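The values are calculated or read from the model by the stated rules, or taken from the named source; none is laboratory data. Computed from a prediction, not measured in an experiment: that's the story for all the values here. All Cβ positions, even for glycine, are placed from backbone atoms using ideal geometry, and neighbour counts span all protein chains on display. Side chains are part of the model used for accessible areas, which takes the heavy atoms of the whole protein and leaves out ligands, DNA and RNA. Shrake-Rupley method; radii C 1.70, N 1.55, O 1.52, S 1.80 Å.
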Amino acid sequence: MQAVDADIRVTVDGREVRVPAGATAAVAIAVAGRAACRTSVTGSPRGPLCGMGICFECRATIDGRPHQRTCQTVCRPGMEIRTDEP
Amino acid sequence: MSRSAEYDVLIVGMGPAGIAAACAAAEGGRRTAIVDDNPAPGGQIWRGRLSEGDSPIFVPPPTNAARRCPVGAREPGQSPEDRQAAAWFRRLAAAGVECITGTQVVAQTDGNVLLAESGGVCRELAYDKLVLATGARESFVPFPGWTLPNVVGAGGLQALVTAGLPIAGKRVAVAGGGPLLFSVAAGLRQTGAKVILIAEQTCWSRLIRFGFALVRLAPGKLMLGLRYKWKLLGVPYRAGCWPVAAEGERQLERVTFRAGKKTWTEPCDYLACGFGLTPNTELPRLLGCRMEGGVVKVDPWQETSVPGVYCAGEPTGIGGVERALAEGQIAGHAAAGQPDRARRFFSTRARMRRFAGALNRAFALRDELRQLAAADTIVCRCEDVTRRQMASYTGWRPAKLHTRCGMGSCQGRVCGAAAQFLFGWEPDSVRPPIFPVSVQNLALRNDSWETDTGSGCCESI
């Protein structure tokens, strides 16, 4: 499918990545080469499961706000996404 | 907190049922609003099918100005589903419905007032009639390794790919049960994925019986299935086959499947698995709607046991798009006080309910799947509670109290259905807020929460 607008830039753990307009933060994390968005309470890596805002597995810190569901958050230019914070 | 204007009809959920209800109510002259957690309309089944030209007016709360097009709208698609979705989006736009996206309903604050949250800001939505069209989520059956990154829901992977996930060239196995596997696999292949296997847990004899039911009740669906099959030429489709383990170091690397007595392992980049659908009944239950057999009980007008509260689509029983559209229109017309218009959809609804019955019989989960999770397999992914830890309790409530299962961020939305399948536990009562919301926002409505402290499901984030 063709994106309506040009790519936009966001950072994932400090690294800049380009994603199509309309992409979610979960997509940006995958584009940055990370399968995991967070670490579980017993320390195992976790990535998106439901893709629709139900399971909360894809949580990450977005622009300083912790525990945001990355699958429900559409990327904005300059968005800072962190998977390495609790 | 700003108090919103009143709506004659408020609809929760912007999938087919909610859109149909909104159109019916608004076209009947009622002041109508529709609210949804997702950034764009369409629910799960019409996700990503909105094109710019068909956009309704969106009011992304709390403060942004109304705009014509939500983020993420695409070029118009050409499949029959795309055209069906586009026609409804155009109708929604023409009907003058206020569309509130990216907003989750978290609680009821007063008789006819819901509390909704978006981006950390709360807003009250006051209504005269309410239509709950909250849709469904995927059901998951735990198996060893199902918590590894890149083991994703079937609809989940579809949603991620729609949101821009690059999938071209990736080796993907699609597994679980139900017709969704077909459409997901076809969509993935179209976007360049290497679909290596579709593993359907049910057996061929049930599938064939379902095929006959399709001819009788929904021949269009049979054509749709054949079109998917055409798109999936060369992809092995195995019935009576399911995943038994997923393995990998930090993410998925390979999946072991079983079919009959045969067990084998396939290298995979993604495993897309879904074991049917679970209706989202948290909000109807919170509002006190009576349940029957795990679904919301409704009368012929789609009205629940709570007067003025209607329910349409998957929460009244898993049944697909056509059933959701019929129920949505009945609910919308009934909520608008126009029963004669509602009556026109009774025969379609009756036929699609029979179709739903055939669907649910055909894809009922087999008993062997209950044995997939090992003692140390995690069942509750939020709190990392294993099968062994949960199995020593007699029910959901004591297991929750002792192990914290179902008390994390998803509030049991994933492990609740799994525990029901594994242990036969009935779901617990629902308490507000039904989605995690910041303590700051809750504090704004402190008076209505005081009586419910210690609910345990109110995680502050």
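Net charge around B:Arg31, counting only other residues with Cβ within less than 10 Å of its Cβ (Lys, Arg = +1; Asp, Glu = -1)? Can you show the working numbers first?
Numbers: positive: B:Arg30; negative: B:Glu6, B:Asp8, B:Glu98, B:Asp128.
My count for the surroundings of B:Arg31 gives -3.
How large is the convex hull of the Cα atoms of chain B per residue, expressed in Å³ as a whole number? Don't skip to the end; give the middle numbers.
On the way: hull volume 63.5 nm³, N = 461.
It is 138 Å³ per residue.
Reported to two decimal places, what Rg/Rh ratio describes chain A when computed on Cα atoms with Rh from the Kirkwood expression?
0.95
Grab the Cα-Cα distance for B:Thr394 and B:Ser205, subtract it from 0.36 nm times how many residues apart they are, and report the gain in nm with one decimal. The partial results should precede the final answer.
Values: separation 189, 0.36 × 189 = 68.04 nm, distance 3.56 nm.
Length difference between fully extended and current span is 64.5 nm.
How high is the FRET efficiency from B:Val121 to B:Glu368, r the C-beta distance, R0 56 Å, rounded to 0.05?
FRET efficiency, B:Val121 to B:Glu368: 0.75.
On the Cα set of the protein assembly as shown, report Rg and Dmax in Å, please.
21.8, 62
At R0 = 25 Å, how high is the FRET efficiency between B:Ala375 and A:Val41 if r is their beta carbon distance? Nearest 0.05 is fine.
0.85
So what is the relative contact order of chain A, in percent, for Cα pairs below 8 Å that sit 6 or more residues apart? Before the final figure, lay out each step's value.
Values: 182 pairs, mean separation 28.5, N = 86.
Reported relative contact order: 33 percent.
Counting only protein heavy atoms, probe 1.4 Å: which residues of the range B:120-167 lose 50 Å² or more of accessible surface in the full assembly compared with their chain by itself?
Relative to the lone chain, where solvent access is computed with a 1.4 Å probe, the range B:120-167 loses at least 50 Å² at B:Pro149, B:Leu160, B:Ala163.
Return the average number of partner chain Cβ atoms within 10 angstrom of each residue Cβ along peptide B:405-414.
3
In whole angstrom, note down how far apart the Cα centers of the range B:101-147 and the range A:7-86 are.
With the range B:101-147 and the range A:7-86 each reduced to a Cα centre, they are spaced 22 Å.
For the peptides B:353-363, B:158-168, B:308-318, what is the packing order when you average, over each peptide's residues, the other Cβ atoms within 10 Å and list the highest mean first?
Highest to lowest by the protection proxy: B:308-318, B:158-168, B:353-363.
How many Å² of accessible area per residue for the protein assembly as shown, probe 1.4 Å?
39
Given a Förster distance of 22 Å, report the FRET efficiency between B:Asp299 and B:Ser429 from their Cβ-Cβ distance, rounded to the nearest 0.05.
Step by step, r from the Cβ atoms, then E = 0.40.
Mind grabbing the accessible area of B:His402 for me, 1.4 Å probe, Å², rounded to tens?
Its accessible surface works out to 130 Å², give or take rounding.
Would you mind listing how long the range B:175-292 runs along its three principal axes, going by Cα atoms, in whole Å with the largest first?
Result, largest extent first: 46, 37, 33 Å.
What base-10 log of the normalised intensity I(q)/I(0) is obtained for the range B:242-322 from the Debye formula, alpha carbons as equal point scatterers, at q = 0.20 Å⁻¹?
Summing over Cα pairs of the range B:242-322 leads to -0.81.
Write down the radius of gyration of the range B:266-387 and its Dmax, each obtained from C-alpha positions, in Å.
18.3, 57
For chain B, what does -39500 (n - 2.57) per DSSP helix run (n ≥ 4), summed and divided by total residues, give at 222 nm, in deg cm²/dmol to the nearest 500?
-9500 deg cm²/dmol
Can you give me the % of accessible surface on the protein assembly as shown that is carbon or sulfur? Probe 1.4 Å, all protein chains present, nothing else counted. It would help to have the intermediate numbers written out before the result.
Numbers: 10990 of 21580 Å².
So the carbon and sulfur contribution to the accessible surface is 51 percent.
Find the lysine pairs in the protein assembly as shown meeting two conditions, Cα atoms under 30 Å apart and a separation of 8 or more places or different chains, and report how many there are.
Number of lysine pairs found: 20.
With a cut-off of 8 Å between alpha carbons and a minimum separation of six or more residues, what is the relative contact order of the range B:138-191 in percent?
37
Say each of B:Ala87 and B:Asp110 gets a label point 7 Å from the Cα, pointing the same way as Cα to Cβ; how far apart are those two points in nm?
Result: 4.1 nm between the two label points.
Evaluate the relative contact order of chain B (contact order divided by residue number), counting alpha-carbon pairs under 8 angstrom at least 6 apart; express in whole percent. Please report the intermediate quantities before stating the final value.
Working: 1025 pairs, mean separation 78.4, N = 461.
Relative contact order of chain B: 17 percent.
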